[in-house]
1. Let me spell out the model: positive unit charges on the Cβ of Lys and Arg, negative unit charges on the Cβ of Asp and Glu, origin at the Cα centre of segment B:94-211. What dipole size does that give, in debye rounded to 20?
2. List the accessible area buried at the contact between B and A, summed over both sides and calculated with a 1.4 Å probe, in Å² to the nearest 100.
3. Where Lys and Arg each count +1 and Asp and Glu each count -1, what net charge lies around B:Gly328 among other residues with Cβ under 14 Å from its Cβ?
4. For chain A, take the longest principal axis of its alpha carbons; what is the angle in degrees between that and the long axis of helix A:281-290, to the nearest 10 within 0 to 90?
5. Using only the Cα atoms of segment B:3-87, what are the Rg and Dmax in Å?
6. I'd like the carbon and sulfur percentage of the solvent accessible area for chain B, probe radius 1.4 Å, heavy atoms only, ligands and nucleic acids excluded.
7. Would you mind computing, in nm to one decimal, how far apart the modelled labels at A:Glu220 and B:Ala401 are, each placed 7 Å from Cα along Cα→Cβ?
8. Expressed as an acute angle from 0 to 90° and rounded to the nearest 10, what is the orientation of the C-alpha long axis of helix A:8-21 relative to the principal long axis of chain A?
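The values are calculated or read from the model by the stated rules, or taken from the named source; none is laboratory data. The model shown is predicted, which means the values in this text are computed figures rather than measured ones. Cβ placement follows ideal geometry from the backbone for every residue including glycine, while neighbour counts extend to all protein chains displayed. Accessible surface is based on the protein model in full, side chains and every heavy atom, while ligands, DNA and RNA are left aside. Shrake-Rupley method; radii C 1.70, N 1.55, O 1.52, S 1.80 Å.
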Amino acid sequence: MTARPASTDELATLVRDAHARGAALRFEGSGRWSDGRSPATRISPNAKRVSLAALSGVVSYVPNDFTLTVRAGTTLAELDAITAPNNQWCPLLSWGDDHGTVGATFATATAGPCSEALGRPRDIALGLEFVDGTGTVIRAGGHVVKNVAGFDLTRLMVGSFGSLGAITEVSVRLRARPTADVTWSVTADGPNAREQLSRIRRGTITPLACDVLSDEVARELGVPALSALVRFGGNAALIAAARAEVSTIGTIHVLDASVWTRYRSLDPHPRRLDARPLDGAVAGRIKERFDPAGIMNPGVFGERA
Amino acid sequence: MDPLTGTLSAIVGATHVIARPSELIVYENDGLPGYHKLPRLFVAPGNREEAIAVVRALAASNAPFVARGAGTGLSAGSLADGIVMVGMQRMRRIIELDPVARFATVEPGVVNANLTKAAAPHGLHYAPDPSSQTACTIGGNVAENAGGPHCLKYGVTMNHILAATVVLPDGEVVRLEAPRDDEIGIDLLGAFVGSEGCFGIAVDVTVKLTPNPARICTMLADFMTVDGAAEAVSAIIAAGIVPAALELIDAGTIAAVEASIYAAGYPTDAAAALIVEVDGPIAGLDEDVAAVGRICRAAGARTVRSATDAAERARLWQGRKKAFGAMGRMSPNLVVQDAVVPRTKLAPVLRAIAEISARYRVTVCNVFHAGDGNLHPNIPYNASDPDEAARVHEACDEIMALCIAEGGTITGEHGVGLDKLPYMDALFTPDSLDAMCRLRSAFDPARRANPGKVVPIHRCKEWLAAPGVEA
């Protein structure tokens with residue numbers, strides 16, 4: 001049976017108990033990482049399932065500070081709904097669907113098509129709270145946009161896939177949504193079409209996203225073959241200039257922004273499927289110090305569970 | 001003679017080892033006044049092999065050490081109290097610069113501004129720009145996770161480091177890279193950046209290079225109230241404009257600058273001035289410039305000047321960049337403080353800082369990265385006057401407590417070092433500090449790299465449990 005702690009304290013008690021007994025735990029958010037190719041399949045099958053989905057909602061949000069702290073079980077769709085009324089967003093726009101949780105997105109450091117322009121999870125996280133493998137509650141970083149106080153436990157946790165601790169709360173940097181936000185498919189032809197399209201990324205105006213699509217993905221999305229999916233954000237004059245420049249590379253079709261939701265949830269996509277093994281001395285010592293009993297998502301990095 | 005002198009001289013050559021106290025005195029402080037510690041020895045490796053050999057020799061003799069770049073730090077973080085100092089400034093080679101893939105691999109002693117100079121012919125630059133950029137080194141920037149005015153738009157050092165080769169304190173050489181988007185892994189590079197020399201010494205660093213903007217416009221807006229300036233800061237960000245830089249200069253700083261050779265034509269009767277710089281492609285920039293002007297006027301700006309040519313821009317920036325120098329005229333010493341508050345708390349926090357400075361009879365000049373809420377309250381004083389030095393110290397304590405109480409932090413870009421150590425207990429729980437100790441000991445189990453800095457030793461459970469250690 002899956003445990004569903006309703007507070008950080010409940011989770012801490014659960015982990016402390018598991019630590020004392022040496023009982024393996026497997027953490028999940030919305031269960032978006034349970035397919036056959038996920039690193040989560042390497043987690044010991046005997047591990048007790050712990051869902052963090054009940055730890056959800058806003059902890060603090062001051063719109064004018066452009067920072068937000070939410071509990072880990074908050075979904076990406078909820079994150080969007082919280083920030084949209086203030087014309088803000090947390091531009092994770094990660095691969096996968098919007099029912100995925102904030103906790104899982106940061107624990108897996110899942111990037112997305114806009115990450116190069118708007119930041120990866122490691123760039124967006126300001127601080128977080130987590131429960132380590134001994135059941136200790138730890139607060140890393142802070143709530144402000146610039147902070148170098150102490151060693152960076154935030155960067156340590158982002159991407160560690162629950163192997164060092166379970167993230168219970170994340171503080172993120174927000175941005176104003178662009179005044180104009182346009183999505184195009186850009187179609188080229190000829191033998192060098194794909195190479196030509198990839199030049200949009202290095203144009204005078206940097207796009208928020210520019211992915212040259214495989215034929216299969218193009219078909220799935222209902223756009224012509226030899227297309228790039230392109231997004232620009234900024235003021236009207238900037239967008240007009242981008243349109244003029246991009247139209248010299250290919251034919252522009254205006255698309256609804258919802259195409260990104262479909263694109264991000266397509267499979268295959270560049271989700272994190274490989275794991276970098278914990279073979280280095282430092283990574284191994286970190287694992288020992290944060291999860292001495294080896295109970296946190298054991299085996300996820302291919303280590304012996 | 002110190003037995004290490006011979007060992008280290010055999011590695012780097014006798015001219016690059018300093019053992020005489022009369023010569024070591026050069027290395028007894030960094031850019032922050034009030035702290036002086038004499039190293040046991042100074043050793044300067046000239047290349048990667050020497051650096052690794054030096055660290056291995058120190059490991060073999062169980063000798064603690066501190067790495068140092070240019071010594072421009074402002075937290076007393078690179079002071080070596082009777083231990084070995086490893087100076088990295090001889091390692092100043094740019095190993096590779098790839099203008100197509102937009103990265104450079106450099107030795108840690110490369111001066112920040114020299115990297116930008118080398119990238120300039122390719123229309124690129126290295127974005128993080130601490131005020132000390134003409135002297136400070138990339139290695140030091142990585143250790144401190146350094147910031148600068150243009151980090152508002154472009155991000156801090158952490159966002160620009162792609163990889164590093166690090167010699168761990170035990171002599172093992174490891175390659176640290178951020179995990180790729182298609183793999184999971186522990187972000188050891190992210191943990192290393194900003195570790196203040198406690199996790200090892202980088203022998204090479206790979207950094208992103210950023211394309212130069214096609215156009216830059218710098219504006220100066222002056223306000224009759226600090227609140228008006230602070231309000232404009234929030235309104236600009238809220239409008240969705242991300243300026244390249246957004247700096248606030250208060251009346252005290254304006255007075256210091258205008259009385260100096262760095263006079264920039266800032267209005268001396270204003271309560272505060274903002275420097276707002278927007279950059280990017282030519283298209284759309286005029287619209288952003290106009291919007292910034294409108295927002296500043298709506299917030300009460302008296303005048304808004306803008307400059308797009310290099311000479312006029314340099315003049316507007318001069319007062320900001322030389323503010324510390326201008327304050328240096330006012331008294332023998334200057335504390336450049338560093339703290340962060342949520343942007344919406346800027347106005348009340350500046351009022352409270354003014355109240356604190358009046359109560360302790362010290363002068364506080366504020367000149368800071370307002371867009372990030374990153375305060376730099378600067379206190380000119382005479383360090384040899386014990387009464388004044390004590391009042392400055394107490395005022396700093398209160399300012400730090402204030403920033404913590406307002407939901408901020410004790411350092412945004414200078415690091416903890418020695419100076420901010422006493423405030424760590426107020427900012428973090430004992431469990432969080434212990435977790436930091438655990439991370440440190442994973443990189444340096446023997447705790448020989450920059451000991452006694454960043455995290456108070458009494459918060460390290462593992463260390464306290466070690467045999468022979470007294471709490």
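1. 500 debye
2. 5500 Å²
3. +3
4. 60 degrees
5. Answer for segment B:3-87, Rg first and Dmax second: 12.2, 36 Å.
6. Looking at chain B in its full context, I get 55 percent from C and S.
7. Spacing of the two 7 Å Cα→Cβ label points: 5.8 nm.
8. Around 60 degrees separate the two axes.
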